[in-house]
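Okay, so here's the structure we're looking at.
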Amino acid sequence: DGSDGRRPKANYAFWGTQPVAQFNEQPGSTVTDGPIDKPKTVADVCKEPYGLPQNFEWVTCNIDSDAELKEIYELLSAHYVEDDDNMFRFAYSKEFLRWALQPPGYQQAWHCGVRVAASGKLVAFISGIPATVRVNACALKTVEINFLCVHKKLRHKRLAPVLIKEITRRVNLHDIWQAVYTAGVLLPKPVAECQYWHRSLNPKKLIAVGFSRLAPRMTMARTLKLYKLPEAPQTPGLRQMEDRDVPQVTALLASYLRHYLIAPELSEEEVRHWLAFQADVIYSYVVESPETGRVTDLLSFYTLPSSVIGNDQYDLLKAAYMFYTVPGATPLPQLMNDALILAHSTGHDVFNALDIFENEKILKELKFGIGDGKLRYYLFNWRVARDIPASKVGLVML
Ligand code: NHW
């Protein structure tokens, strides 16, 4: 679309009209954090859905219905995010989508699809979930927008702006005026820019599918040895998180996330939802002190496989992504090493992490290699006085 992904495009026909920070804003002209639009009320919000091109219609998807969940799953499996070389495509599982789309307080109206009227085929989707996100000193009632997807045959027809405006309308009807989202692409204007890092767990498969290459002067045998991990975690007292841990984990997370400039504020109910162990979706562990019985640390990662496009040996790459991890009594490198061990022993091929939290300092020693993908964080209708460095980002989006 004219953007090399590193430099802004000359013109953003849609984003130039939206209440988001623009690239051409004078540096230093922004004094304080605050909304971009003039204040509005629910009464100001249009009660009718946006117009769609002929032959298309809006649908509110019911995630509880296996059939409707399957339609979203199939749309995303075939048409969602691919890497720059089109070798891999995110393959969120149905169980994962249910977890991601139904946190406490979720609104069905924010699971928004577009169908072809005649056939009923689902051809586009966008979602929002409620979240309280603190940005600097302000706790914002927001939605997190995710899973924006348009069928490949309907690309570049300006359908995405219609989806974005419609979800905005549906969210505004609930008196919510701010949103948070992440994307690999460069849009006006990131609040933070983060870097992906990857740690090989199953180097042989990663090389076979073209995810990584044998390093110069390295044999396969030496590579396997380099990345080899113990069978079991090393931290005494580390175990799967259980429901009874929720109050302590909520407090532990809250006190940790205070150190970051953008971070969620999570209720006990939300912690219960986001961190309940669910194999192949979300893996969560705590360290329980053998002396006091108190929970001192948290470690978690989620499973997001990618389809391997056009490889006849493998069709799925199983990736683990770092979620919320809190070093309390255990040093972060040790906790993260246990995360690698657990991700490996649960069948993941690679462990991905961003340079957010304190990760930057420890990724190299844990044998992560820098990726070629960036992830940008964006705020809708909220201006910040200063960009946030990756090391001050404390929010993970799925
Ligand atoms: S990022 C993943 C987005 N999805 C994918 O990459 C899947 C594969 N690609 C597609 O399906 C996580 C299409 O290419 C999409 C664009 C649908 C991406 N975010 O319809 P047109 C999220 O889900 C702009 C925002 O012709 P298309 C976060 C683009 O710059 N905008 O393009 C989602 C251009 O605008 P411009 C994006 O290729 C956050 C316009 O779309 C974008 O057929 C959404 C072109 O539209 C992206 N990832 O469809 C915002 N990619 O100004 C939420 C492209 O440059 C905002 N564009 O002319 C908050 C709303 C709630 C507020 C509540 C208060």
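Values for this structure:
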quantity	calculated
Residue in the range 165-180 that is more than 7 Å from the ligand (Cβ to nearest atom) and of a type in the set (S, T, N, Q) present	no
Residue satisfying all of: in the range 138-164; part of a helix (DSSP H, G or I) and of a type in the set (D, E, K, R); farthest from Leu69 (Cα to Cα) among these	Lys153
Residue under evaluation Phe211, criteria (1) open to solvent by less than 50 Å² (accessible area, probe 1.4 Å); (2) closer than 27 Å to Phe147 by Cα; (3) assigned by TED's automatic domain parsing to the domain that holds Ser306, criterion not met	(1)
Members of the range 35-68 found to be in contact (Cβ under 8 Å) with a residue 24 or more places away in the chain, over 30 Å from Ala137 (Cβ atoms) and of a type in the set (A, V, I, L, M), listed by number	Leu52, Val59, Ile63
Breaking point among (1) assigned to a loop (DSSP other than H, G, I, E, B); (2) in the same structural domain as Val271 (by TED's automatic domain parsing); (3) in contact (Cβ under 8 Å) with a residue 40 or more places away in the chain, for Pro216	(3)
Subset of the range 142-160 [under 16 Å from Trp110 (Cα atoms), open to solvent by 20 Å² or more (accessible area, probe 1.4 Å) and not small (Gly, Ala, Ser)]	Glu144, Ile145, Asn146, Leu148
Some residue of the range 285-293 being in the same structural domain as Leu238 (by TED's automatic domain parsing), assigned to a strand (DSSP E or B) and touching a Gly at 6+ places or on another chain (Cβ under 8 Å)	yes
Of residues in the range 323-335 being in a helix (DSSP H, G or I) and in contact (Cβ under 8 Å) with a residue 60 or more places away in the chain, the one surrounded by the most Cβ atoms within 10 Å (Cβ to Cβ)	Leu335
Any hit, the range 306-322, residues being within 23 Å of Pro264 (Cβ to Cβ), in a loop (DSSP other than H, G, I, E, B) and not acidic (Asp, Glu)	no
Matching residues, the range 343-362, being more than 19 Å from the chain's Cα centre (by Cα) and open to solvent by 60 Å² or more (accessible area, probe 1.4 Å)	His344, Ser345, Lys361
Verdict on Tyr260 being open to solvent by less than 30 Å² (accessible area, probe 1.4 Å), touching a residue at least 60 places away in the same chain (Cβ under 8 Å) and under 30 Å from Tyr73 (Cα atoms)	no
Qualifying positions in the range 11-24 - more than 10 Å from the ligand (Cβ to nearest atom) and either on the phi > 0 side of the Ramachandran plot or at pLDDT 90 or above (or both)	Ala21, Gln22, Phe23
Odd one out for Glu365, checked against (1) crowded, with 22+ Cβ neighbours inside 10 Å; (2) not in a strand (DSSP E or B)	(1)
Residues being in contact with a His (Cβ under 8 Å, 6 or more places away or on another chain), more than 23 Å from Gly184 (Cβ to Cβ) and surrounded by 15 or more Cβ atoms within 10 Å (Cβ to Cβ) - total across the range 60-101	2
Candidates Val171, Val185 - the one that is assigned to a loop (DSSP other than H, G, I, E, B) and either open to solvent by 30 Å² or more (accessible area, probe 1.4 Å) or among the β-branched types (Val, Ile, Thr) (or both)	Val185
Any strands (runs of 3 or more DSSP E) falling wholly within the range 1-118 and containing at least 1 residues that are of a type in the set (Val, Ile, Thr)	56-60, 111-116
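The values are calculated or read from the model by the stated rules, or taken from the named source; none is laboratory data. None of these values were measured; they are calculated from a predicted model. Virtual Cβ from ideal backbone geometry, glycine too; neighbours counted across all protein chains shown. Note: areas computed on protein heavy atoms with side chains; ligands, DNA, RNA excluded. Shrake-Rupley method; radii C 1.70, N 1.55, O 1.52, S 1.80 Å.
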